[in-house]
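In what follows, a structure is listed as structure tokens, so that the remarks can point back to it.
The values are calculated or read from the model by the stated rules, or taken from the named source; none is laboratory data. Because the structure is a prediction, the values reported are computed rather than measured. Positions of Cβ are backbone-derived with ideal geometry, glycine not excepted, and every protein chain shown enters the neighbour counts.
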Amino acid sequence: MAADAAAPRFVWHDQARLFDAAGQSVVRKEPKEGVIAAHPAGEALAALGARAFRIGGAGPAPQAGPEPIFETLTGGSSGAPRRIRRTQASWIASFAVNAGLFCIGPACRVAVLGGLIHSLALYGAIEALHLGAELHLMGELRPDRQRAALAARAVRLLYATPAQLRLLVGAGGPTLPDLRYALVGGSKLDPALRVALAQMAPACAVHEFYGAAEASFITLSGPDTPIDAVGAAYPGVEVQVSDGEVWVKSPYLFEAYASDAGSARWQDGWLSVGEMGALRGGQLYLAGRASRMVKVADQAVYPEEIETFLLSQPGIAQAAVLPRPDGLRGVHLVAVLQGDATKAPAILQALRAKFGPLKAPKAMIWRDSFALLASGKPDLARLGEDLP
């Protein structure tokens, strides 16, 4: 099939501007095909505009098809990251939506906190350049310097994960009076972090969204979203729940996995990434991934639900809940935590009150350092390596 020269592709808008972590301006270059080194991030984005590319990751270069395509990566929380093949049009379609919702365009200052091998940071970066915004790359800065740079550069819109925001809040530093929007994805925001964000950026509207590398945006929260929900369907998206499994249909879906067979499933144009949940009053409530669900004494338990609760407790900075073999129960759960270990008795009591003695973690293991992926999510494989 002949290539369609008119098919949408990523381009630098004439008014787009790009600044690296040090605040230095990066000049646009000729588009580069194939695999582009993820570091330095500014140099990678300077070459944006090719018909087929991937920034970072292992494996062969993506091959051009009838439409401009690219590859991004899954988060890899429980295994090696997978390469995701999608059309450039599948992201460009949502750029137009976000431009209207969040006023992204010339004169808007946008920042991303993660590296470009993480699809959230890559999305935010490409969207900003495509729409003509001023993009600030901050993935190479430590959290206290990220916060100082956000204030000094008067950033208006921020793409981040809850883990990244938790580090930003914990680092201390100046308030962010110019920040108007935070688009937050990757995991559930807990109430304590919402309060801390309001103190750090008083004028900022925090919009949580649920999505996946395979599906892009699925839901988006607003001011009336219940605290336990992840929002209503994002514009252009249809969501349904069948036998507890979340299915989605939209113009933003991926084409295929480029690395292996993958875990997502298609059915009559609908896609599932294995997330379990419920729809109530037009709002989506998530339980967790089916792949992480475990049976404790024949009760189904989703570790993500317990992790979200733990992160809402005073003194907890990072949390991961992992299964361990148990001769009586089949498995029991342990919580790997970073934070104030003196809070352990109160946290254990709160866990048992919330989830009961079977579902609550049997033990809490405190770590001075906490293994994270490039996406900012816990590295479950590494965290589980030396557990008893």
Give me the residue from the range 9-50 that is touching an Asp or Glu at 6+ places or on another chain (Cβ under 9 Å), free of Cβ contacts under 8 Å to residues at least 24 places away in the same chain and among the charged types (D, E, K, R) and, out of that set, farthest from L150 (Cα to Cα). K29
Residues (over 23 Å from G222 (Cβ atoms), touching a residue at least 60 places away in the same chain (Cβ under 8 Å) and charged (D, E, K, R)) located in the range 274-306: R292
Log entry, pairs with first residue in the range 349-378 being in a loop (DSSP other than H, G, I, E, B), second being polar (S, T, N, Q), beta carbons closer than 6 Å, six or more apart or on different chains, reads R367/Q338; F370/Q318; F370/Q338; G376/T161; G376/Q164; K377/S77
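May I ask you to list the residues in the range 251-271 that are closer than 19 Å to T72 by Cβ and in contact with a strand residue (DSSP E or B) (Cβ under 7 Å, 6 or more places away or on another chain)? Even if it seems obvious, please write down each step before you answer.
Just the residues of the range 251-271 that are closer than 19 Å to T72 by Cβ, to begin with: 251-264, 266, 271.
The answer is Y252, L253, F254, E255, A256, Y257, A258, S259, A264, L271.
Can we say G288 is farther than 26 Å from P345 by Cβ and in contact with a helix residue (DSSP H, G or I) (Cβ under 7 Å, 6 or more places away or on another chain)? Break it down stepwise before answering.
Details: farther than 26 Å from P345 by Cβ: yes; in contact with a helix residue (DSSP H, G or I) (Cβ under 7 Å, 6 or more places away or on another chain): yes.
In short, yes.
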Output yes when any residue across the range 216-236 is at pLDDT 95 or above, within 21 Å of L116 (Cβ to Cβ) and not in a loop (DSSP other than H, G, I, E, B), and no when none is. yes
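Suppose we filter L158, L137, L150, L116 for residues that are farther than 19 Å from P251 by Cβ, surrounded by 24 or more Cβ atoms within 10 Å (Cβ to Cβ) and more than 19 Å from the chain's Cα centre (by Cα); which single one remains?
Only one candidate qualifies: L150.
Table: residues versus (1) charged (D, E, K, R); (2) crowded, with 17+ Cβ neighbours inside 10 Å.
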position: A6; (1), (2): no, no
position: S25; (1), (2): no, no
position: V35; (1), (2): no, yes
position: A41; (1), (2): no, yes
position: A46; (1), (2): no, yes
position: R51; (1), (2): yes, yes
position: G59; (1), (2): no, no
Failed item in (1) under 22 Å from T161 (Cα atoms); (2) free of Cβ contacts under 8 Å to residues at least 60 places away in the same chain; (3) of a type outside the set (D, E, K, R); (4) not assigned by TED's automatic domain parsing to the domain that holds I69, with L271 passing the rest: (1)
Quick check on this structure: which one of A297, A261, A278 is on the phi < 0 side of the Ramachandran plot, of a type in the set (A, V, I, L, M, F, W, C) and outside the structural domain of R85 (by TED's automatic domain parsing)? A278
The range 160-177 residues that are free of Cβ contacts under 8 Å to residues at least 40 places away in the same chain, paired with ones that are surrounded by fewer than 22 Cβ atoms within 10 Å (Cβ to Cβ) and polar (S, T, N, Q) (beta carbon under 9 Å, 6 or more apart): V169/Q199; T175/Q199
Those residues of the range 327-368 that are polar (S, T, N, Q) and surrounded by 14 or more Cβ atoms within 10 Å (Cβ to Cβ) come to a total of 1
Among the residues of the range 177-186, are any surrounded by 18 or more Cβ atoms within 10 Å (Cβ to Cβ), at pLDDT 95 or above and hydroxyl-bearing (S, T, Y)? yes
Given (1) within 18 Å of the chain's Cα centre (by Cα); (2) not in a loop (DSSP other than H, G, I, E, B), L189 misses just (2)
Report yes if some residue within the range 305-326 is surrounded by 14 or more Cβ atoms within 10 Å (Cβ to Cβ), part of a loop (DSSP other than H, G, I, E, B) and modelled with pLDDT of 90 or more; otherwise report no. yes
